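Notes for the one structure printed next.
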Amino acid sequence: MFKPAALFIGLRYTRAKRRNHFISFISLASMIGIALGVAVLITVLSVMNGFDREIQKRVFSMVPPITIANSNGYLADWQGLQETVGTFPYVTASAPFVTAEILLSYGGSVQPALLSGILPEQEKKMSALSDKMVVGQLANLQAGRFGIILGESLAGRLGVRLGDKVTVVTPQVSVSPAGVIPRFKRFTVVGIFNVGNGFGFDSSFGFIQLQDAQRLMGLGQNVSGLHLKTRNVFAAPENAMDLSHHLSSDASITTWADQFGEFFHAVKLEKTMMFLIMLLIVAVAAFNLVSTLVMVVNEKQSDIAILRTFGATPRMILAIFVVQGGLVGIFGTLLGVIGGILLALNVTSIVNWIQKIFNVQFLSSNIYFVNYLPSYIETGDVVKICLASLVLSLVATIYPARRAAKLDPVEALRYE
């Protein structure tokens, strides 16, 4: 079977048993270093991807991609607006809402909260609230029943359970013979939800039925605004810009990016910087090939001189040592990818096992949004890491290979 001479000789040098075992050790250490660097890089990026996905799940399960409100504070013909936005191809669902900052009072405890009036059937299409219920159901919110659903942390601070009655105090006031007094109403707790720590949904959100909210806030048939769900949540800013060209100038359109865009940008930037920093580990291991191949070139000077006298060109000599160094990089990268993927797939179980054995808690949901180490492997990250490792390995072979190509056969054989 025909083989290019440079490839054949480079493979033979790689398989041959060297007289200098120290060179073999350095070559093996370079391969292991590359493998460890690649494995660590894949694992770290997978963990960061896991955190990113968990944060996205928390945010996008409760925060609508697009919100339409009005500059005067309320929407009058929200049904007509709902029909209008439903004609846009990127809008998959919409739901009206009434929102207000209120105080909740129970048994001497008072807590601030953000109260939202919703239509349960339409809200199911907008958010994952119905799937986050730990007690009760979203359908328990019925017009005229004055039921309320609270976040688990908020309910815990108030000390309420299912069936308890809490007092909702609104910013609106009522004029009575006794003077101006705040408007308040008693609501029955019909459900408790748990989204997870990190963004304050459980500690500051409450939901009531839309008509009850309209009566409480004195809005009549008006609402505070309209939530929109889009096909691609990350395209929401572009979709909002398009909507602004078709709706009236009084419409105020905001997206999830206005509230959380900088946070997600910071997470993306952190991942990029971590990739570059961890890539230095691979670079250090890859450039160990320089010392390895320099020693190989010194050891093989007579072989190089003989090959040159047989007609081998400098380019062929260069290719021989590029092949030899490239094989170290390829096998090191391959081992690193296998090890990195296996570690990334099992890092959650490994950390949980360590926590159980040593009775420690590395992650707290109060700080890291989750109480376990998430991991998610993205194919694109693995491909980029492989390419970067192979390129660094090949770059590291250039200097020793060029040194071998420039070797003068007369000088090499003078003392043989």
Practice prompt. Collect the residues in segment 198-243 that are surrounded by fewer than 20 Cβ atoms within 10 Å (Cβ to Cβ), polar (S, T, N, Q) and not in a helix (DSSP H, G or I), keeping them in residue-number order.
Written response: GLN221, ASN222, ASN232
Worksheet item: Do you know which residues across segment 122-138 are exposed (fewer than 15 other Cβ atoms within 10 Å of the Cβ) and charged (D, E, K, R)?
Response: LYS125, ASP131
Item to complete: Determine which member of the set VAL395, VAL337 is among the β-branched types (Val, Ile, Thr) and modelled with pLDDT of 95 or more.
Response: VAL337
Worksheet, complete the sentence: Within segment 144-163, the residues that are buried (at least 16 other Cβ atoms within 10 Å of the Cβ) and part of a loop (DSSP other than H, G, I, E, B) are PHE146, VAL160
Worksheet, complete the sentence: Wholly inside segment 244-348, helices (runs of 4 or more DSSP H) that include 3 or more residues that are among the aliphatic types (A, V, I, L, M) and open to solvent by less than 30 Å² (accessible area, probe 1.4 Å) are 256-286, 288-299
Discussion item. Within segment 172-195, does at least one residue satisfy the condition of being in contact with a Phe, Trp or Tyr (Cβ under 7 Å, 6 or more places away or on another chain), under 30 Å from THR230 (Cβ atoms) and either touching a residue at least 40 places away in the same chain (Cβ under 8 Å) or not in a strand (DSSP E or B) (or both)?
Written reply: yes
Fill in: Of all residues in segment 14-34 being modelled with pLDDT under 60 and surrounded by 13 or more Cβ atoms within 10 Å (Cβ to Cβ), the one that is farthest from VAL347 (Cα to Cα)
ARG18
Discussion item. Give all pairs with beta carbons closer than 6 Å in which a residue from segment 341-369 that is of a type in the set (Gly, Ala, Ser) meets a residue that is modelled with pLDDT under 85 and not in a helix (DSSP H, G or I); count only pairs at least 6 apart in sequence or on separate chains.
Written reply: SER365/ASN197; SER365/ASN371
Practice prompt. Taking only segment 94-120 into account, find how many residues are closer than 21 Å to LYS57 by Cα and free of Cβ contacts under 8 Å to residues at least 24 places away in the same chain.
Written response: 0
Fill in: Residue under evaluation PHE275, criteria (1) over 21 Å from the mean Cα position of the chain (by Cα); (2) at pLDDT 90 or above; (3) of a type in the set (Phe, Trp, Tyr), criterion not met
(1)
Worksheet, complete the sentence: Taking segment 35-80 and keeping only residues that are at pLDDT below 90 and more than 30 Å from LYS132 (Cβ to Cβ), one is left with SER71, ASN72, ALA76, ASP77
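The values are calculated or read from the model by the stated rules, or taken from the named source; none is laboratory data. What you see is a predicted model, and the numbers here were worked out from it, not measured in a lab. Counting neighbours? That spans all protein chains shown, and the Cβs are built from the backbone with ideal geometry, glycine included. Heads up: the accessible areas ignore ligands, DNA and RNA and are worked out on the full protein's heavy atoms, side chains in. Shrake-Rupley method; radii C 1.70, N 1.55, O 1.52, S 1.80 Å.
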